[in-house]
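*Asks:* I am attaching a structure below and will ask some questions about it afterwards.
The values are calculated or read from the model by the stated rules, or taken from the named source; none is laboratory data. Note that the structure is a prediction, hence the values are computed from the model and not measured. Reconstructed Cβ throughout: ideal geometry from the backbone, glycine too, with neighbour counts over all protein chains shown. Only protein heavy atoms, including side chains, enter the accessible area calculation; ligands, DNA and RNA are left aside. Shrake-Rupley method; radii C 1.70, N 1.55, O 1.52, S 1.80 Å.
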Amino acid sequence: MRHQIIIKTNAHYQFGHDNIRAALYGRLTEEQKTDYHLKTATFLETKVGETHQELIPTIARHFVAAHDKNKAIEYSVQAAKAAEENKAEWEAFAHYRNAARFLEENSGTLTQGQDALLLEIYEKAAQFSSAAWIDAATCLRWLQKAIDFHTQNQDMEKVFSLSLSYIVTSSITGNYDAARCKIPEIIRTCEVQEGTIPWAILYGAGVCLVDWYQGYQNNCFDHAVKAISIFEKHSDTLPADVWPAYSWALFWRDKARAYLGRPVDMANVEKIRELMTQGKSDKTIYWHTLTAVTARAAFTGRWADLLTWTQLASQLSREMGKVFWFECWISHSYLYGALHYGEFSQLENHIEKVSASPDPYQVRLSYLFQGMLCLSRKNYEEAEQNLKAFLRREEETRDNSYLEGFIYLACTCLATGATDKAREYIEKGSQLAKKGLYENPLYQLQFLQLNAELAMRQGDYPLAETSLVQSLRLAEMLDNPLQKGFIQKLRGRLHLEQNNREEAEKRFILARDIFLSLNNKYQAARVMTMLEPLTRKKHDTGPRKNTDADTAALPQTVVEGDTATLTQTIAEEITGSLTRSEEEIISELEKQVKKTCPDTKNKVSDVGLEETEPEILKTED
């Protein structure tokens, strides 16, 4: 103690540093380790009583390390059940896994009670779906063991329920092939007929999940719609245990809508909330529904709405003890929204949370988000590294973010002048987004903008205009003001490159006003730095430089996403240099927005475009 190797704290003794403990423990033989663990467990066992139940997990770990089979099983199960009560799913799973290992090692000599306990543990995998992120192989093996047992005993109701859990577990861990193989097996084994309640449960609560994860959003939407129709035909007679599946189908319909870029049906969201309050559904499903709402808000640039719904999701996740869910799933929407809104302060913190996840889906996305952040900072080399790492992982296990790898890698290549490589990414991504399993209008309109950018580099202005008109139609159809703003800004650039300053000014003004209607002063200020040289030139009566030749020769090596570089280039080419900071422009915008958009219900109009009021989320007919 004099050398602080061992210290006394609260009437207990402990090593002064974990490294000291590790060094001494490492010098012990296996026999010594087993003996010390057994002595420690036996001593603590005498202290546990009713007042020291917190010692049970520690006792369990020591008996496990001491290889005391019976005591390890006994205390591991107790520790697991205590963790369950505290909603600590991962800890509960770890203790159940220890108990199952000792039971399986002695499978030939188990008592009837131990056999029943092992089956109970196998079935726990259906409850601890998130534990699959820690050990997917064990969870899936347990579920299959339970399925085999109940198949042998002809308990098809159990087989159906556990098989559905198998689909969920394999899907959330990226084992999509295993999930797809299980679907026809369930249909065959449980004799599931299309149009029946079991079919609606299977597809509405299970298949939709696989569809969404793999990025087959149209399939997800269609399956959810069909399942909902079946549920609602039997709404007067639905058993209590079927209502959650109905709620899941309602959720997947709107989750698919959001990821297809379509408006979320808020009446549908309210229905799921009502089912929760009526006790027919649970908080988990409603919480997941909020991820659809936040995604829609992020994709359309409605930042205030994103923050409102994120706060609600945060509160609900804490009530359920699912803080991890909030930190990862809601971070996705926050990251998308913040990058477009110019809120960079918390981005790295959110990316760290996503990358630290045990969920392989989240880890893959962390590379995408890091690449997007580097791209916004003009760190193109690091952006390309992260985005290529993301796409490599996606090629191994494709999911619903697969096409985004092509979008942002194309942006990076355009920013660095690698137009041939950009064209490859654009062509491949465009083809996937246009038809087939990955067909998605939200991605289509973004690839059309990239295609316009590429056409402008080649001087093919008619093709660029055609691409932007098509992109605008999709943005209008999807009621996406953020993308409308980007398209109008790009159309302003197109006219500017053709030396049509008057039309360019109109488009820049329109883009600015759209961003202001979203209260997005970050994007509006970037448009203003392009617009201001044009408006200043109109009022400049003194000697001026002939900029026609300069404008015609504007460098075409800047991607739309790199607005900072583009802004500086255009301003310097036309006027020589910028004379005002973005902060000054934002200050003027705050005054100007009171004139052009005195309230959030103001409409911004142009030929072929009408920007509606920035609702929280528009209900789809």
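*Asks:* Between their Cα atoms, which of Lys271/Lys353; Lys280/Lys322; Lys353/Lys388 are more than 23 Å away from each other? Write out the running numbers ahead of the final one.
*Replies:* Values: Lys271/Lys353 32 Å; Lys280/Lys322 21 Å; Lys353/Lys388 21 Å.
Pairs exceeding 23 Å: Lys271/Lys353.
*Asks:* Here's something else I'd like to know. Taking R0 as 56 Å, what FRET efficiency do you get between Tyr176 and Thr46 from their Cβ-Cβ distance, rounded to the nearest 0.05?
*Replies:* Working: r = 51 Å, r/R0 = 0.90.
That pair, Tyr176 with Thr46, gives E of 0.65.
*Asks:* Next question. Among 368-378, 129-139, how do they line up by average Cβ neighbours within 10 Å per residue, starting with the highest? Don't skip to the end; give the middle numbers.
*Replies:* On the way: 368-378: 21.2, 129-139: 19.5.
Those peptides, ordered most packed to least, come out 368-378, 129-139.
*Asks:* Set the Förster radius R0 to 56 Å, insert the Cβ-Cβ distance between Glu427 and Leu110 as r into 1/(1 + (r/R0)^6), and round the FRET efficiency to 0.05.
*Replies:* Details: r = 60 Å, r/R0 = 1.07.
Computed FRET efficiency for Glu427 and Leu110: 0.40.
*Asks:* Still on this structure, I have one more. Using Cα pairs under 8 angstrom and six or more residues apart, how large is the relative contact order of the stretch 454-544, in percent? Walk me through the numbers on the way to the answer.
*Replies:* Values: 78 pairs, mean separation 18.6, N = 91.
Over the stretch 454-544, the number comes to 20 percent.
*Asks:* On to the next question. Ordered by residue, what ³J(HN,Hα) values in Hz, to whole numbers, does the stretch 491-496 give under the Karplus form 6.51 cos²θ - 1.76 cosθ + 1.60, where θ = phi - 60° and Gly and Pro are x?
*Replies:* 5, x, 4, 4, 5, 5
*Asks:* Sticking with this one: Can you pull the percent of the stretch 139-233's accessible area that's carbon plus sulfur, 1.4 Å probe, other chains left in place?
*Replies:* Details: 1870 of 3830 Å².
That share works out to 49 percent.
*Asks:* Now for a different question. So, counting K/R as plus one and D/E as minus one, what does the shell of residues with Cβ under 15 Å around Ile285 add up to?
*Replies:* +1
*Asks:* Exceeding 28 Å between C-alpha atoms, which entries from my cross-link table qualify? They are Lys378/Lys421; Lys434/Lys489; Lys145/Lys435; Lys226/Lys435; Lys47/Lys87. Could the numbers behind the result be given before it?
*Replies:* Values: Lys378/Lys421 18 Å; Lys434/Lys489 24 Å; Lys145/Lys435 40 Å; Lys226/Lys435 21 Å; Lys47/Lys87 25 Å.
Flagged as over cut-off: Lys145/Lys435.
*Asks:* In sequence order, what are the phi-derived ³J(HN,Hα) couplings for the stretch 397-412 according to the Karplus relation 6.51 cos²θ - 1.76 cosθ + 1.60 with θ = phi - 60°, rounded to whole Hz, with x for glycine and proline?
*Replies:* Result, ordered by residue: 9, 5, 9, 6, 9, 3, 5, 5, x, 5, 4, 7, 5, 4, 4, 5 Hz.
*Asks:* Moving on to the next point. From the Cα gyration tensor of the stretch 63-221, with a ≥ b ≥ c the square roots of its eigenvalues, which class applies: rounded if a/c is under 1.5, or else prolate if a/b is larger than b/c, or else oblate?
*Replies:* On the way: a/c = 2.65, a/b = 1.73, b/c = 1.54.
Judged from the Cα gyration tensor, the stretch 63-221 comes out prolate (a/c at least 1.5, a/b above b/c).
*Asks:* Could you run the Karplus curve 6.51 cos²θ - 1.76 cosθ + 1.60 with θ = phi - 60° over the stretch 474-479 and give me ³J(HN,Hα) per residue in whole Hz, x for Gly and Pro?
*Replies:* For the stretch 474-479, the Karplus curve yields 5, 4, 5, 4, 8, 6 Hz.
*Asks:* Keeping all protein chains in position, work out how much accessible area Glu30 exposes to a 1.4 Å probe, and write it in Å² to the nearest 10.
*Replies:* 120
*Asks:* Could you calculate the contour length gain from Lys283 to Glu232, that is, 0.36 nm times the residue separation minus the distance between their Cα atoms, to one decimal place in nm?
*Replies:* 16.2 nm
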